[in-house]
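Derivation of every value follows stated rules applied to the coordinates shown; laboratory data play no part. Given the structure is predicted, the values throughout are model-derived calculations rather than measurements. Cβ: placed from backbone, ideal geometry, glycine included. Neighbour counts: every protein chain shown.
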Amino acid sequence: MEQQHKRRVRYSGTHPKRFEEKYKEHDPDKYADTVAKVISKGSTPAGMHISIMVKEILEILKIKPGEKGLDATLGYGGHSRKMLEQLEGNGHLYALDVDPIEIVKTTERLRHAGFGEDILTVIRTNFANLAQVGSQQGPFDFLLADLGVSSMQIDNPARGFSYKLDGPLDLRLDPEHGVSAAERLRELTADEFEGMLIENSDEPYASEIATEVYRRLRRGQRIDTTSALAEAVEAALACVPDSKEKKDLVKKTNQRVFQALRIDVNSELEALEAFLDALPDVMAPGGRIAILTFHSGEDRLVKKAFKRYYKEGIFSEISQDVIRPSAEECRANGRARSTKLRWAVK
């Protein structure tokens, strides 16, 4: 049967606004000029992700041809690609990702760039399963874990990661397993939700937000979309007097609330703890590890684990302070601002 030509999504006006309408940004190889313009304005093109602190990571990992490495969080594949280039065709990189949607796209992109199965193995699994991966594929000379959510996940309204875009309140990195954020809210009590907001994002208005969200749920209102949750958060901040600063407060509060829910839905801190527990057994002697974190809870766990392993003599060196992205990188990529980088050597 002849395949029907599928027309691209049309949009009103002169510039596309919705994620699915930005067809040029979704095809960076074909529309390189458009993508370059978007990046030059400090924005991330739709469906793409700009890797953070690449130069600093490569300096830490000191990758040599012939070595074996692991990218524990493949994402868009930007870091993996740079690490593969350092191998110069000799060695092997294993890459993990739990997202069934993006892992297919990224693998195809890297294969198209010339990185075949002889040098790159992509495994669909959570980085919490590092012990199992290490026992089968390790030990590793270099490892990277970028704990941030990729831009192509955040920007796609169908994934429900952002309060800015109306979509289903999902927030799962693997939408094929587990419960969505909307379902999770229905499982929790107001007190449990308040505790989650405090623990996962240090939310100062946790009590007010939990009270408003569960008042709405008790009245039979559905909080199944990102917009519904964002509206409840804004209503909870009615206690704050109107001012020029309030708009920014609502924005940052929503960011923290969505972050806290995402961390809970994906058991991110538990996954990080499992990853850190397995590190000593999967690293080769002299192996280097770099970890990018994006909020204080993650950074505390990494800092604590690195210090413990250094004290026990497992790590020979650790970073004494976090490394932050340069001001220039933050200007070019606003999503880099909250990044913290720590490293260690076995």
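Loop-located trypsin sites (Lys or Arg not before Pro) in the range 236-289 (DSSP state other than H, G, I, E, B) with a sparse environment of at most 11 neighbouring Cβ atoms within 10 Å: Lys244. Within a straight-line Cα-Cα reach of under 19 Å, Lys246 can be paired with the following aspartates and glutamates, leaving aside sequence neighbours fewer than 8 residues apart in one chain: Asp202, Glu203, Glu208, Glu212, Glu231, Glu234.
Each of Glu231 and Thr211 was given a label point 7 Å from its Cα along the Cα-to-Cβ line. The distance between the two points is 2.1 nm. Using the Cα centre of the range 212-274 as the reference point, and only Cβ charges (+1 on K/R, -1 on D/E), how large is the resulting charge dipole? Debye, rounded to the nearest 20. So the dipole magnitude of the range 212-274 works out to roughly 380 debye.
Proximity of backbone amide H atoms, modeled 1.01 Å from N, is registered between Leu143 and Leu70, Arg288, Ile289, Ala290 at under 5 Å, excluding neighbours fewer than 5 places apart on the same chain. Think of each Lys and Arg Cβ as +1 and each Asp and Glu Cβ as -1; about the Cα centre, that makes the dipole of the range 132-227 roughly 480 debye. Ranking Ala336, Val233, Ala271 by how far each Cα lies toward the positive end of the dipole of the range 213-346 (charges on Cβ) leaves Val233 at the top.
Which pairs in the list Lys304/Lys340; Lys304/Lys346; Lys62/Lys307; Lys64/Lys105; Lys55/Lys340; Lys303/Lys346 are over 25 Å apart, alpha-carbon to alpha-carbon? Table pairs above 25 Å Cα-Cα are Lys64/Lys105.
Simple spin-label estimate for Lys304 and Lys246 gives 3.8 nm between the two label positions (7 Å along the Cα-to-Cβ direction from each Cα). If R0 is 22 Å, the Cβ-Cβ spacing of Asp321 and Lys62 corresponds to a FRET efficiency of close to 0.65.
By its C-alpha gyration tensor, with a ≥ b ≥ c as the square roots of the eigenvalues, how is the range 216-333 shaped: rounded for a/c under 1.5, else prolate for a/b larger than b/c, else oblate? Because a/c hits 1.5 or more and a/b exceeds b/c, the range 216-333 counts as prolate. Near Thr73, the amide H atoms lying under 5 Å from its own belong to Leu96, Asp146; only residues 5 or more places off or on other chains count, and H is placed 1.01 Å from N.
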